[in-house]
Amino acid sequence: MVATLDDTKRNAIAIKLASMKAVQQLIIENEQLLLKQGLDTEIAERIRDFLKDDEKNLGILETVIGQYGIQAEPKQTIQQMIETVRKFFQGSELSLYEKVFQHELLKHQQAMTGVIIHKAAQKVGADVMLAIGPLNTVNFENRAHQEQLKGVLEILGVRELTGQDADQGIWARVQDAMAAVSGVVGSAVTQSSDKKDMNIQDAIRLDHGKVNTLFTELLQSNNPQKIQEYFGQIFKDLTVHAEAEEEVVYPRVRPFYGQDNTQELFDEQAEMKRVLEEIKALSPSSSQFKDKVRQLMEAVGDHIRQEESTMFAAIRNNLSSDQSEQLATQFKAAKTRIQEKLGVVSESKM
C-alpha cells in the first residue's frame, strides 16, 4: 500500500475536522430550533444571520475535508456530547437563556478546534496548510458570533431574572468587541459571502495548488522515506481528483467545451494514472524515481494549464454562478465517495 505523509498526525487532524463538521451540523439544528422560541425581533434577526453563516460554513468544512483527503468519523466523546446537547435543545428542561449559553459554548468549542487544527497543520506539512486554508473563515466567523452571543446572553439573562429588558447599550459593547475582532483578523472576516458554495473553478484550483505543493516538497527532499510519503499523498490526491472530474465535471462541460477538448482531458488523465502506477513500483531511492516524478509533474502541469485557461473560460461563459456552485457541490460529494471507496479514511480511536 502506498504510504502517506505522517499518517498518525494526519489522521488525528482528520478526526478533528470530522468532529468539527458534526458540531457544525448541531449548531445549525440548534439555531433552527431557537428561531421557533418566540425571540424578539432583533435577537431573532441575529440568529437568522448566524444560521445563514453557519450553513455556508458547513459547506466550507466539507470543502476542507475533501481537499484534506482523509474521511474520518468524529471522536466518540464528541458524538456523545452532541446527542446530549441535542436532547436538551429539543426538550424543555433548559430555559432559553440556558440554551443560548450552551450554544455560545459550542461556538467557543468550534473556534478553539479550528485554531488547534491550524496550529497542528503548521507542524505537519505545507500541503496541509494549503488544504485547510478556507477554514480560517469559519474560525473567525465563530469568534464574531461568540461576541454577539455574549450580548444576547446578557439580555436574556436579565430578562429571565427580573422580567425586565436589559440596557440596550449592551449592543454597543458588542459592536465594539466585533470591531476589535475585525481589526485582529483583517480581511479573513470579510471572506464570507452569500454564496452557498465555492464555484467549480475554485474547487478544482484548490486541488491543483495542493498537488503542486506536494511535488515541490518531494523534489526538495533527499530522505527516501519522506519522498515515498510525499508520493503516497500525490498518488491518492491525483487519483481521487481525476475520478471525480471524470464522473462529474467532464460530462457536464462536454456540450460546450467540445468533444475533442474534453477527450483530451480524459486522455491526459489516463496517461497520468499510468505514470503514477509506474512510479509506485519504483524504489524511492532509485535514480529513476525523481525523474519519473518530474515527468509526471510536467504532464500534470500541462493538464492544469489547459483546465485553468480554456476549460475554466468555457465554464464562465456557459454556466451561471448557481450552476457553477452546484457543480462544485457535486464534485466535492464525488470526491468524498471516492475517498471512502479507495479507503482514504481514518477510524476514530481518540
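The values are calculated or read from the model by the stated rules, or taken from the named source; none is laboratory data. The shown structure was predicted, so the numbers you read here are calculated from the model rather than taken from an experiment. Every residue, glycine as well, gets a Cβ built from its backbone with ideal geometry; the counts of neighbours run over all protein chains shown. Areas reflect the complete protein model, heavy atoms only, side chains present, ligands, DNA and RNA absent. Shrake-Rupley method; radii C 1.70, N 1.55, O 1.52, S 1.80 Å.
What does the accessible area of LYS273 come to, in Å² to the nearest 10, when a probe of 1.4 Å is used?
Here the residue's solvent-accessible area equals roughly 70 Å².
Can you pull the percent of Cα pairs in region 222-350 with separation above 27 Å?
Working: 2378 of 8256 pairs.
Cα-Cα pairs of region 222-350 separated by over 27 Å account for 29 percent.
In Å, what Rg and Dmax follow from the Cα atoms of region 1-85?
Cα-based Rg and Dmax for region 1-85 come out at 16.2, 58 Å.
Taking 22 Å as the cut-off for C-alpha to C-alpha distance, list the pairs among LYS36/LYS150; LYS21/LYS280; LYS273/LYS341 that go past it.
Numbers: LYS36/LYS150 20 Å; LYS21/LYS280 33 Å; LYS273/LYS341 17 Å.
Among LYS36/LYS150; LYS21/LYS280; LYS273/LYS341, the Cα-Cα distance tops 22 Å for LYS21/LYS280.
Please list 59-65, 211-217 highest first by mean number of surrounding beta-carbon atoms within 10 Å per residue.
Values: 59-65: 21.3, 211-217: 19.3.
By packing density, highest mean first, the sequence is 59-65, 211-217.
Can you send over the solvent-accessible area of SER321, 1.4 Å probe, protein chains only, in Å² to the nearest 10?
About 80 Å², ignoring ligands and nucleic acids.
Over region 223-350, what relative contact order in percent results from Cα pairs under 8 Å that are six or more residues apart? Don't skip to the answer; put the middle values down first.
Working: 57 pairs, mean separation 52.1, N = 128.
Relative contact order here is 41 percent.
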